[in-house]
Amino acid sequence: MTDHNYELRFFEDSIYFREGQSISLEPAIRLLYVLKGSITVNGKAIEQGQGILEEEKFELQIADDVTEFVRWELVPSGTAHTDILSLFKDSETSYGQSLNKRTDFIHLSGNETGLRLDTVTFPPGTRAYRHIHASCGIRYIIKGSLEINTEEGLDLMEQGHAWFEAVDSPVLAIAHDEIETQFVRMMVLPVDYHGKLTITYVDPADDDKPREQINNRLLDEIVQLN
């Protein structure tokens with residue numbers, strides 16, 4: 001079985017006043033989720049709240065004056081970084097920002113892996129009971145806030161914050177008391193979990209408790225590794 005060392009990179013991209021402009025990115029395992037505005041990827045329109053996975057050459061066209069999206073790239077360790085703002089015309093003038101908010105190193109075995117993109121919405125004051133996932137991945141707060149309790153300690157994740165959760169890492173998540181909280185996540189999971197839940201509750205008694213958070217699965221695909 002082939003082993004692979006990969007980097008899971010996460011970017012927050014804000015692009016202004018480039019409506020109609022296009023750029024081209026080299027092939028890579030790449031997922032996007034649109035936060036504001038709309039884009040076209042390889043001829044397909046992606047609106048706010050939608051996502052896309054592409055592995056081939058990536059033709060990105062900006063469709064609005066104000067466009068914001070987040071981007072995950074799963075690439076072999078040591079792959080060169082690309083500043084997407086530098087690819088636009090008149091790149092000497094900055095119209096926005098592209099922030100590499102996280103890079104996490106993961107080890108993958110075999111020639112393929114599962115990828116999943118979804119959103120999770122918490123009504124005010126609700127929680128995800130202590131649990132683990134048979135997957136790793138990076139989450140990003142779209143709105144609200146989450147108190148994240150792990151074996152390493154407690155972190156407050158607010159709008160715009162991103163964090164990594166490892167395979168089988170116990171987590172208790174508690175949402176803001178007064179406002180709705182939502183995050184988007186990209187998970188790297190074993191192919192055996194394609195189309196299946198990855199969550200297991202640490203305390204079996206929590207299996208029967210009501211789940212008030214709402215999960216919206218956007219993408220669930222199997223990709224080939226180089």
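Derivation of every value follows stated rules applied to the coordinates shown; laboratory data play no part. Because the structure is a prediction, the values reported are computed rather than measured. In this analysis, Cβ positions are derived from the backbone assuming ideal geometry, glycine residues included, and neighbour counts consider all displayed protein chains.
Things worth noting here:
- Rounded to the nearest 20, the size of the Cβ-charge dipole of the chain about its Cα centre is 240 debye, with Lys and Arg at +1 and Asp and Glu at -1.
- In sequence order, calculated HN-Hα J values of the stretch 25-34 (Karplus, 6.51, -1.76, 1.60; Hz; x Gly/Pro): 10, 5, x, 6, 6, 9, 10, 10, 9, 8
- Karplus (6.51, -1.76, 1.60) ³J(HN,Hα), θ = phi - 60°, over the stretch 118-133, in Hz, Gly and Pro reported as x: 8, 10, 10, 10, 10, x, x, x, 8, 8, 9, 4, 3, 8, 10, 10
- Overall form of the stretch 3-110 per C-alpha gyration tensor (a/c, 1.5; a/b vs b/c): prolate
- The alpha-carbon of Lys36 sits under 30 angstrom from the alpha-carbons of these lysines, leaving out residues fewer than 8 places away in its chain: Lys44, Lys57, Lys89, Lys101, Lys143, Lys196.
- Dipole of the stretch 45-107 [Lys/Arg +1, Asp/Glu -1 at C-beta], most positive-end residue of Ser77, Gly96, Leu60: Ser77
- Near the amide H of Asp64, within less than 5 Å, lie the amide hydrogens of Gly20, Ser38, all on another chain or at least 5 residues away, with H placed in the peptide plane.
- Each Lys or Arg adds one and each Asp or Glu takes one away; over the other residues whose Cβ falls under 10 Å from the Cβ of Ile23, this sums to +1.
- Label reach from Glu152 (point 7 Å along Cα→C-beta): in the stretch 130-145, amide nitrogens under 19 Å belong to 130-141.
- Cut-off 15 Å between beta-carbons: net charge of the residues surrounding Ile222, Lys and Arg +1, Asp and Glu -1: -3
- Vicinal HN-Hα couplings computed from phi for the stretch 58-66 (Karplus, 6.51 cos²θ - 1.76 cosθ + 1.60; Hz; Gly/Pro x): 10, 9, 10, 10, 7, 10, 9, 5, 10
- Look at the dipole of the chain built from charges on Cβ: of Phe10, Leu32, Trp163, the Cα furthest out on the positive end belongs to Leu32.
- Dipole magnitude of the stretch 113-224, debye to nearest 20 (Cβ charges: Lys/Arg +1, Asp/Glu -1, about Cα centre): 340 debye
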